[in-house]
1. Highest mean first, what order results for 4-10, 152-158, 31-37 on Cβ atoms within 10 Å?
2. Can you give the relative contact order of segment 1-85 as a percent, counting alpha carbon pairs under 8 Å and 6+ residues apart?
3. Give the calculated FRET efficiency between K7 and A72 to the nearest 0.05, with a Förster radius of 22 Å applied to their Cβ-Cβ distance.
4. Mind giving me the nanometre distance, one decimal, between the label points for E64 and A156, set 7 Å out from Cα along Cα→Cβ?
5. Please compute the modelled spin-label separation between S117 and Q40, points set 7 Å along Cα→Cβ, answer in nm with one decimal.
6. Could you derive backbone 3J(HN,Hα) for segment 154-161 from the dihedral phi with the Karplus parameters 6.51, -1.76 and 1.60 (θ = phi - 60°), listing whole Hz in sequence and x where the residue is Gly or Pro?
Amino acid sequence: MQVKLEKTIPLQATAGEAWLLLRDVSRVAECVPGARVTGQVDATHYRGEVRIKIGPAAATFKGEIEVRSLDAGKHELRLIGKGVDARGTSTATMDLAASLRDAGAGGSELLGVSTVSVTGKMANFGGRMLNQVAAQILEQFAANFSTRVTAMGKGAAAEKAAAEIADSPGELHVLALLWRVFADFLRSLFGRKSGKAG
C-alpha cells in the first residue's frame, strides 16, 4: 500500500539559515516522532530506528536512511528510508524530497513531498487510515522542524523553542495519532451536516 503526501511549512528563518538544519540528517530524523539516527555507515548512509507505542505495548522499526541527493545551492534534499519491525511482520519505505525557498520578511518555506509504502500487518489499516495517520505524522514533523529552526535563533522565542524540544516525547504514540484522526473525522462529519442544514 502506498501513500503520497505534500506539505508546505512556513519558517521563521531564511532559507539559508533553515538549510543548516535540513542538511543535518541526524537532526532532521529527530523531527519525526519517535525516530532517531543510531549510526552512520558512510557519507550517504545512516542506520536508524522509529519507536512506536500502542497503548502499553511498544515496537521498534529498524532500518537504513540513504541520502540520494544534497544540493546546497538549491537548498534541496532527497532521502530514501527503509525499515522493518523487530518481528519482521511489516516493512516500510519512504521517499522524501524536501526543499527550501525564501518567502520574504526574513522567513522561508519548507516544501516536502513524501511517498510512503507499507507491507505486512501495517498495510491492513487500509489506505484512508494510513493516509490520515501519515498526515498527522507529517504535521508533527512540520511543527518539530519549525521549532528547531526557531531554536537556532536568539532571544525569548529561541529559548522557548529549545525548552519545547527538551520536553518532546521520544516515541510515536499511535493511539494519540489515531484519536486525532478520529477527532478530525468527527469534525468533518458534523461540519458537513451543519453545512447541509444551512
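1. The packing order, highest mean first, is 31-37, 4-10, 152-158.
2. Rounded, it is 19 percent for segment 1-85.
3. Taking R0 as 22 Å, the efficiency between K7 and A72 is 0.50.
4. Roughly 4.9 nm, to one decimal.
5. Calculated label separation equals 2.9 nm.
6. Whole-Hz 3J(HN,Hα) from phi for segment 154-161: 10, x, 5, 4, 5, 5, 5, 4.
FYI, it's all coordinate maths here, none of it is from the lab. Since the model is a prediction, treat every value here as computed from it, not as a measurement. Ideal geometry is used to build each Cβ from the backbone, glycine not excepted, and the neighbour counts take in all protein chains shown.
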